[in-house]
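Undergrad: Shown below is the structure under consideration.
The values are calculated or read from the model by the stated rules, or taken from the named source; none is laboratory data. Keep in mind that what you see is a predicted model, and the values were worked out from it rather than measured. Cβ atoms come from the backbone with ideal geometry, glycine included; neighbour counts cover every protein chain shown.
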Amino acid sequence: MLAVLLFVLTVPVFGAAEAGPPKYVFYFIGDGMGIAQRQSAEYFKQVQEGNPDAKLLMNTFPVAGLITTHSANDTLITDSAAAGTALATGFKTLNGMLSKLPDGKNVKTLVEAAEEKGMATGIISTTRLTHATPAAFASHNVSRDNENEIAEDLLDSGVDFLAGGGYGQFVPKNGPLKSNRKDNRNLLEEFKNKGYNLFVTENEVTNFKNYQPDNPQKVLACFTYSYLPYEIDRVNSKSPLPSLAEIAEKGIEVLSKYQKGFFMMVEGGRIDLACQMNDARRSIQETLAFDQAIAKAYEFYKKYPNETLILVLADHETGGMALGYGTNGFLNIKTLLDATNYKKDYVKHYTGDRIAYFTYIEQDLGLINLKEDEKAKIERAMDGVEKSGDQLQIYIAIQNVLSNRAGIAWTTLGHTGSCVPISAVGVEAQKFGGFKDNTEIAKTLAILMNFHLN
């Protein structure tokens, strides 16, 4: 099992001779993806496929380890900006800061170092491209919240393949598309003037999927105003939007046209957001979608095993997800598979009529035969909505009831200080096993690649 592999921290050396640096590097980051997130997704996969031996691909990689994630703050709990900075640069910083030291000094990222070596680069995310993790690889800013400035940094970054959500940061305030900018600067036009092939909004998805470069090209694909949808909602709504796996596959097609290799960062960003809502099913589906994206890189690795390195890691754990709840002593993952409330991407707002809402929960969401403690949990959320108007409390309460029925528990709506897993396969993968701090991953990779991080 994964837990056993992760605690076997003495990693065998695969081959006595020192290999040269890999030509192709995949850096997969599951945002918020701790050990329990990976385990629960694997157990769900086994139930869904009716195969008790089914495994996540990432859980089969020959090298495994654990990573500590604390930031430079006086806390064990990092945010995604500080954690992304550690993974991108090998340096600790304060929560909220992007690829800057606490004193404000810029630190070079792996993407920037790869570009200095003539490698092609790619950044992919299911969040906004200007969100903390992708931003940490191509931007330097005192605050992750300065997303319009981060968008300008992405324009100047020279990254060859950028794909995800969040066109709101790139389009002018008074333009035809919904914008988050405070000015009328049209970054899309500026990207186009720099030679980028643009695929913006859902209207360009078909063109993106059909795009087949026959020589080195630059791509900016930004399909949604903000985040890409959760995978389960994308599938259920029959959305034309590409999956993370499809985006990663296209990234490989584009970047493999460059002669000097590539460095590609791929973020499964909505694992974190699902866990912030204590939504076990969406966490699982996002992790499975992330694994499918890894499979695209693994197909490439099998073609070039002596030139490719795949690293799969996380920036931090989210939600304090625990496999085991109360005194039940067992998991019932099938509860999540059978839940009917996942046929919708929303939960109806509570407006004060408790009897009607409990009828809705039973008939529309499929949560039947509520026990007294389950009903009390939802009623406390109703109390909260009546006081503050925050409808998320209802959603989170319902997800907790469903999680608990499956034997899954949560300790928080935020991040935790728990270690996160890393898996690796390919050239010099053994260097990344064991018990490490997150800064050691970037530093180890930099040494391997002859990068100079400062």
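Undergrad: Can you name every residue in the stretch 98-113 that is surrounded by fewer than 24 Cβ atoms within 10 Å (Cβ to Cβ) and among the hydrophobic types (A, V, I, L, M, F, W, C)?
TA: Hits for the stretch 98-113 are 101, 107, 113.
Undergrad: Scan the stretch 94-106 and give yes if some residue there is over 22 Å from residue 287 (Cα atoms), hydrophobic (A, V, I, L, M, F, W, C) and out of contact with any helix residue (DSSP H, G or I) (no Cβ under 7 Å at 6 or more places or on another chain), otherwise no.
TA: yes
Undergrad: Further question on the same structure: From the list 177, 198, 228, 188, exactly one residue is touching a residue at least 40 places away in the same chain (Cβ under 8 Å), touching a strand residue (DSSP E or B) at 6+ places or on another chain (Cβ under 7 Å) and assigned by TED's automatic domain parsing to the domain that holds residue 148. Which is it?
TA: The conditions single out 228.
Undergrad: Only one residue in 93, 78 is within 20 Å of residue 319 (Cβ to Cβ) and part of a loop (DSSP other than H, G, I, E, B), so which one is that?
TA: Residue meeting the stated conditions: 78.
Undergrad: Read through the list (1) under 30 Å from residue 412 (Cα atoms); (2) of a type in the set (Ser, Thr, Tyr); (3) surrounded by fewer than 24 Cβ atoms within 10 Å (Cβ to Cβ), then give the number of the only condition that residue 287 fails.
TA: That leaves (3) as the condition not met.
Undergrad: From the list 274, 297, which one is over 11 Å from the mean Cα position of the chain (by Cα) and not in a loop (DSSP other than H, G, I, E, B)?
TA: Within the list 274, 297, the selection yields 297.
Undergrad: Consider residue 108 carefully, then state whether it is more than 24 Å from residue 296 (Cα to Cα), among the basic types (Lys, Arg), in contact with a Leu (Cβ under 8 Å, 6 or more places away or on another chain) and in the same structural domain as residue 230 (by TED's automatic domain parsing).
TA: yes
Table: residues versus (1) acidic (Asp, Glu); (2) assigned by TED's automatic domain parsing to the domain that holds residue 30; (3) surrounded by fewer than 23 Cβ atoms within 10 Å (Cβ to Cβ).
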{"site": "233", "(1), (2), (3)": "yes, yes, yes"}
{"site": "238", "(1), (2), (3)": "no, yes, yes"}
{"site": "263", "(1), (2), (3)": "no, yes, no"}
{"site": "272", "(1), (2), (3)": "yes, yes, no"}
{"site": "278", "(1), (2), (3)": "no, yes, no"}
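Undergrad: Kindly evaluate residue 52 against the criterion of being over 30 Å from residue 257 (Cβ atoms), touching a Leu at 6+ places or on another chain (Cβ under 7 Å) and not in a helix (DSSP H, G or I).
TA: Considered against the rule, which asks whether it is over 30 Å from residue 257 (Cβ atoms), touching a Leu at 6+ places or on another chain (Cβ under 7 Å) and not in a helix (DSSP H, G or I), residue 52 comes out as no.
Undergrad: Only residues that are closer than 19 Å to residue 315 by Cβ and not in a strand (DSSP E or B): list them for the stretch 387-418, please.
TA: Across the stretch 387-418, the qualifying residues are 410, 411, 412, 413, 414, 417, 418.
Undergrad: Okay, moving on. Search the stretch 37-85 for residues being β-branched (Val, Ile, Thr) and in contact with a Ser or Thr (Cβ under 7 Å, 6 or more places away or on another chain), and hand back the single one that is farthest from residue 266 (Cα to Cα).
TA: Only one residue fits best here, namely 77.
One line per residue, one yes/no per condition, for (1) among the basic types (Lys, Arg); (2) out of contact with any strand residue (DSSP E or B) (no Cβ under 6 Å at 6 or more places or on another chain); (3) at negative phi:
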residue: 282; (1), (2), (3): yes, yes, yes
residue: 301; (1), (2), (3): no, no, yes
residue: 326; (1), (2), (3): no, yes, no
residue: 330; (1), (2), (3): no, yes, yes
